[in-house]
Every structure is written in structure tokens, then in C-alpha cells.
1. In nm, give the distance between the simple-model label positions of A:Lys88 and B:Thr98, each being 7 Å from the Cα along the Cα-to-Cβ direction.
2. Which length gain, in nm to one decimal place, applies between B:Tyr174 and B:Thr84 when the Cα-Cα distance is subtracted from 0.36 nm times their residue separation?
3. Looking at chain B, what % of its DSSP beta bridges pair antiparallel, to the nearest 5?
4. What's the FRET efficiency of B:Tyr48 with A:Glu42 using the Cβ-Cβ distance as r and R₀ = 45 Å, to the nearest 0.05?
5. Over 23 Å, how big is the tail of the calculated P(r) for segment B:166-247, in percent of all Cα pairs?
6. Once you place label points 7 Å from the Cα toward the Cβ at B:Asp91 and B:Asp347, how far apart are they in nm?
7. Using only Cα atoms and rounding to the nearest 10 degrees, what angle (0 to 90) does helix B:109-131 make with the longest principal axis of chain B?
8. Could you list the residues of segment B:38-57 with an amide nitrogen less than 12 Å from a label point located 7 Å from the Cα of A:Ile18 in the Cα-to-C-beta direction?
Amino acid sequence: MSENTAGTAKISTFVLLIVLIVLALSLVALALAVNAFILGEEIVAGYLLVIGFIAMTLSGYVLLQSRRRVMSMKITAPQVMTTIECRKCGDKSVREFQRGDYVFKELEPCKKCLDDKMMITAIYKEVKDKEKERASPF
Amino acid sequence: MNVLAVLPALENQLFQLPTGDTISQILSMLFYVVFIVFLFYGQRIQMYVMIREVEGSLYKLKYMRDEGRKTAIETIKEIGKPQTDPSARVDRYLEYFTISPQSMDPAGIVWKLDHILDVRDTRLKDEVKLMAPATDEVQVNNLENTLEAAMALNYIFKVVRHFYIQGKKTLSLYIIMQLQMILPLVMKEAEAYASALKAFAYGQPIGDGAGALVAAKLMHGYETKKVPKDCVIATVPVEGRTAFVIKAEGPGGNVGKPGDVVKALIEKNKGKITSVIMIDAGLKLEGEGVGEVAEGIGAAIGGPGVDQFKIEESLVKYHIPINAVIVKEDIGDAVSPMRKEISDAVDKAIERVKSVILERTKEGDKVIIVGVGNTIGIGQ
């Protein structure tokens with residue numbers, strides 16, 4: 001069971017429309033800036049350039065924020081690992097969790113010593129560093 | 001060069017713009033309008049901002065509720081092999097409620113609550129068996145846990161929606177404000193249940209099972225006996241003492257009724273028990289580390305309090321000391337798949353239990369060790 005996401009969540013069409021309009025206007029502003037530059041109005045071109053870039057950055061930021069919000073709407077199943085050990089030779093292996101696994105479940109005989117059955121000794125999920133709490137000075 | 005100096009040129013480029021004086025007049029007017037609007041409608045604007053915030057969380061809660069329902073139905077279809085579509089039954093299950101007993105005269109309320117919880121448990125298990133006929137006992141327990149998580153998500157969504165609609169209807173800032181203030185905690189709990197769904201559906205051990213895992217490791221390799229209700233017991237020699245180790249019967253999702261077992265065991269030994277040690281997952285405070293092990297006094301057991309009452313009553317009758325060992329974790333860790341830190345902390349907890357036995361009892365004494373918690377994904 002690898003990291004998977006359940007369901008699909010979409011960005012609101014209204015937000016997407018607004019973002020697209022602002023993006024289009026920013027492109028117009030940039031085009032006008034080029035036009036003004038050709039006409040020799042360098043200062044006007046500069047202002048239009050700033051307006052165009054600000055609008056473009058803002059629309060990009062809003063799109064990114066909406067995407068982040070959508071991502072947070074998803075329920076992610078964490079990667080769960082199963083530790084298998086041989087009680088006799090101590091051979092240890094870790095694999096992804098499979099349905100039906102449980103702690104102290106006996107599995108097939110050990111491939112190394114072929115004597116004793118392997119056993120599940122632990123099932124756990126590992127939390128990524130970024131998910132862990134930020135270190136507090138206290 | 002200031003902005004106003006380039007305005008005439010911009011005017012040619014875009015559209016006709018007013019002159020500098022007019023702009024300052026317009027800006028002043030705008031400032032006054034904004035000031036007056038905020039003076040009279042500030043609170044209402046604040047309320048609309050809060051309503052939008054609550055609305056966003058409500059969408060998320062609705063999504064979680066729907067996902068919970070979907071996961072439950074899919075799991076039932078996958079492992080239960082029902083003849084008919086279980087959706088209608090699942091919807092009915094999600095709306096089940098339990099009425100707590102009347103407490104005007106509190107004497108005997110524990111037994112009334114115990115009875116109601118027993119009836120509820122039997123009823124819900126029967127419902128699961130009807131929904132998923134091709135399941136064994138372990139799968140029934142896991143499915144019941146999955147449905148309970150979905151039920152909790154459904155309930156949280158409905159309560160938040162109730163206050164949101166009520167706040168919007170009455171336009172009461174105080175209803176909305178209270179809701180908005182507790183929302184981060186509500187969302188944290190809902191997210192914990194949402195992550196529990198998959199764990200229950202797949203039968204993975206959860207953080208709450210730390211106590212059960214300690215008991216399982218202690219009793220592993222020794223003969224176990226089933227005891228009512230839904231528990232197992234093993235007699236294990238620990239440091240020259242006889243330890244009766246108790247846990248809920250795994251690997252299905254189950255907490256059992258350890259209160260009944262402890263009570264029966266104390267009565268069977270005529271009170272000749274030197275100490276009772278309970279191990280459970282304990283809620284950590286912010287700033288504390290996940291998997292920290294702490295030791296204390298008292299009955300370490302959560303839930304509605306029935307089992308804690310029974311254990312305490314038996315202990316008082318024979319003056320038996322009680323010790324507790326807890327593995328710290330937060331609510332999210334408690335109901336989601338067990339973190340590695342918690343799994344690793346189990347060995348530390350076992351060492352702590354052994355040190356309590358060595359310090360508090362003599363060789364030849366009898367002790368009871370209770371591993372409390374949901375034993376999903378943990379055998380014995």
C-alpha cells in the first residue's frame with residue numbers, strides 16, 4: 001500500500017475564472033509595456049511592466065494557494081511497513097504492509113535457516129521529517 | 001520622477017485618467033466611505049469573514065464524511081461479499097445514536113451505562129454481520145471500527161453544520177465566533193478519524209494499541225485463555241513473580257472489557273494480588289515527544305469510565321496498590337497507524353513495567369498486568 005490519495009477534489013471554477021482574467025489582463029499590460037517602449041515612452045513602459053508582473057505574480061499565488069487548499073482536502077494513507085523476523089537466526093526484513101498482516105502472525109519458514117517460521121514483529125508507519133513537529137526552543 | 005508625472009502618458013496608453021487633484025479627492029472620499037462603512041458594519045464584515053472561514057472547514061468536513069462513508073461501503077463490498085448494495089444500511093448505521101442513562105439519582109448509574117454499552121456493542125456487531133455476511137470475527141471487529149470512525153466523522157460534520165446554519169440564520173456573531181474558535185481542535189479530531197479509516201479498514205495497528213502491544217509482547221509464547229468479555233489472559237513468570245497478563249483479544253479491532261477480568265481475577269485470588277500495573281496510551285501535551293514513557297499511579301484506562309470504576313472498586317475492597325505506565329501520543333497518533341516511535345517505545349514500557357515489579361513487589365508475589373487499548377492488528 002503505497003502513498004495514495006483518496007477521491008478527487010477540484011479547484012473552484014469561479015476562482016479559476018478570476019485567476020485567468022487577471023492573468024489575461026497582466027499579459028495585456030505586458031504587451032502594452034512593449035508597445036510603450038517601442039513608442040519611446042520608457043517610464044510608462046516601466047510602470048506597465050511593474051503592473052503586469054504584479055498581476056501575474058498575484059494570479060500565480062492565488063492559483064498556488066487554491067491548489068494547496070485542494071491538496072489539504074485529500075486524505076492520504078500513510079506508508080505502513082511490516083517487520084518480519086526469524087526467531088531462530090534473527091534474520092530481519094521490512095516490507096510494505098499487506099492486508100491480513102498482524103503482529104505475531106506466523107509466516108512461511110525462514111529462507112536462511114529453513115528451520116523456524118518467520119514472524120511479524122512490528123507494524124508501523126514512519127512519519128516524514130516535514131510532518132514531525134518543528135523543534136521548539138522549550 | 002513621480003507617478004503623477006507619467007500619468008498623462010499612461011492616459012494615452014490605456015484610457016482617460018483624471019488629473020492629480022481629482023485623484024486625491026477621490027482617494028479622500030474613498031477613505032471616508034471605507035471609514036464610515038467599517039464604523040457601522042465592521043462587526044458584520046468580521047462575521048462574514050468568520051462565516052467564510054467556517055464554511056471552508058465545513059466543506060472539508062463534508063469531504064471527510066463522504067470519504068468515510070465511501071471507505072466503509074467499499075470495505076464491506078470487498079470483504080463482506082454482500083448480496084445486496086450495503087449503502088442504505090451503512091447510511092442507517094451512521095445515524096445510530098446512544099442515549100446515556102438518567103443521572104438524577106446517580107447510584108447504580110455505572111451498571112446502567114454498562115448494560116447500555118453492551119446492548120449497543122451487540123447491536124452494532126449484528127448490523128455489521130448483516131451487512132457483510134462473509135466475514136469472520138476479526139473482520140467484523142475491523143469493520144465495526146471502520147464504521148465507528150465514519151460515524152464519528154458524520155456526527156462532527158452535522159454538529160458543525162448545525163451551528164454554522166444557526167449562526168447564519170440568526171446572524172449572531174457569538175454563535176459563529178464560538179464555532180470559529182473551537183474549529184482548529186474540531187478539525188484536528190476529524191482529521192484523526194479520517195486517517196483512522198484506512199487503518200481500521202486494513203486492520204493496521206493504531207497508536208492506541210501501545211498498551212495492548214506491551215501485554216502481547218509479555219504474554220507471547222505462553223498459553224493464553226479467552227475470558228469474557230473479548231479479552232485474553234496468560235500467566236507469565238516475570239522476575240520471579242507470577243504475572244497475570246491481560247489484553248483485549250486480537251488481532252481484530254477490539255478493546256474488550258478488562259474491568260471485568262481484573263475484578264474476576266482479584267476475587268478468584270481472594271484479593272491476594274500485590275500490585276496491579278496498567279499500561280495505556282496517554283495523551284501528550286504539546287511540546288512533549290511522541291513515544292515518551294511515563295509512570296504514575298491510578299487506573300490508566302479511558303473510555304466511558306465503566307471499566308475504570310470496576311477496577312477501582314475491586315482495588316479499594318482489598319487495598320491493592322495500582323501503578324500505571326503510559327506511552328505518550330496525541331489524538332491523531334492514537335487513532336492512526338502506529339508510529340515507529342510508539343512501536344519502539346513498547347520495549348521501554350516493558351522495561352518500566354519490570355522495574356515497577358522489582359521495586360514494588362517481592363519474589364513469589366502475584367501481580368496483574370493490564371495492556372489497555374484497541375488491539376487491532378496485534379495478535380497474542
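Every read-out reported here was derived from the displayed coordinates using simple, explicitly stated rules and does not represent laboratory data. Please read these numbers as outputs of a predicted model, since none were measured by experiment. Glycine gets a Cβ as well: all are built from the backbone with ideal geometry, and neighbour counts include every protein chain shown.
1. Taking the two extended label points, one gets 4.7 nm.
2. Result for the pair: 27.7 nm of gain on full extension.
3. 50 percent
4. Numbers: r = 44 Å, r/R0 = 0.98.
Rounded to the nearest 0.05, the efficiency is 0.50.
5. More than 23 Å apart: 54 percent of the Cα pairs in segment B:166-247.
6. It is 5.1 nm.
7. Taking Cα atoms only, the helix is inclined about 80 degrees.
8. In segment B:38-57, the label zone of A:Ile18 (backbone N under 12 Å from the point 7 Å along Cα→Cβ) covers no residue.
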